[in-house]
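Q: Here it is: the structure, laid out below.
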Amino acid sequence: QVQLVDSGGGLVQAGGSLRLSCAASGLTFSTYAMAWFRQAPGREREFVVGISGSNISTAYADCVKGRFTISKDNAKNTMYLHLNSLRSEDTAVYSCAARPSPLLRTAGREYVYWGQGTQVTVSS
């Protein structure tokens, strides 16, 4: 059984930083593309950042480029999202996702497995 457990959310002031983690089990990490999505109240889920199975390719939403960084430790089956220079508009539930292919995609429908989500709240 594939399981994703994300954690690390919290309340932070604007301009602050957080690190989210996604621990995966039941899959061979290097053969899965991974991503972070977020959903704010009243808004649709949106792609934030993704990384290929090989860790070679990454993709970032324009609104987080230069502020967020994704990384993946294949040996630990754990993915991280470093959130810097946080803004109030970054407030959302962040969820990690995995697709059974090493190829990176940005559409949520391409991802099969999802974490339970972790709340990030940025106060202005």
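The values are calculated or read from the model by the stated rules, or taken from the named source; none is laboratory data. Quick caveat: nothing in here was measured; it's all calculated off a predicted structure. So basically every Cβ, Gly included, is an ideal-geometry build from the backbone, and we count neighbours across all protein chains shown. To get the accessible areas, we keep the full protein, side chains included, count just its heavy atoms, and leave off ligands, DNA and RNA. Shrake-Rupley method; radii C 1.70, N 1.55, O 1.52, S 1.80 Å.
Q: Going by Cβ distance under 4.7 Å, what cysteines of the chain have no possible disulfide partner?
A: Cys with no partner Cβ under 4.7 Å: Cys63.
Q: Moving to a separate point now. Regarding the chain, what's the average projected area of the Cα-atom convex hull, expressed in nm²?
A: Answer in nm², one decimal: 6.7.
Q: For Val112 and Val5 in one chain, what is 0.36 nm times their gap in residues minus the Cα-Cα distance, to one decimal in nm?
A: 37.1 nm
Q: Starting from the amide H of Gly10, placed 1.01 Å from N in the peptide plane, find each other amide H under 5 Å away whose residue is 5 or more places distant or on another chain.
A: For Gly10, whose amide H was placed from the backbone, the distant partners under 5 Å are Val120, Thr121.
Q: Also, I was wondering about something else. Scan the range 1-84 for trypsin sites (Lys or Arg not before Pro) in coil per DSSP, keeping those whose Cβ has at most 13 other Cβ atoms within 10 Å, and list them by number.
A: Here the trypsin sites (Lys or Arg not before Pro) that fit, given the DSSP loop and packing criteria, are Arg43, Lys65, Lys76.
Q: Can you give me the accessible area per residue for the chain, using a 1.4 Å probe, in Å²?
A: With the other protein chains kept in place, the chain gives 50 Å² per residue.
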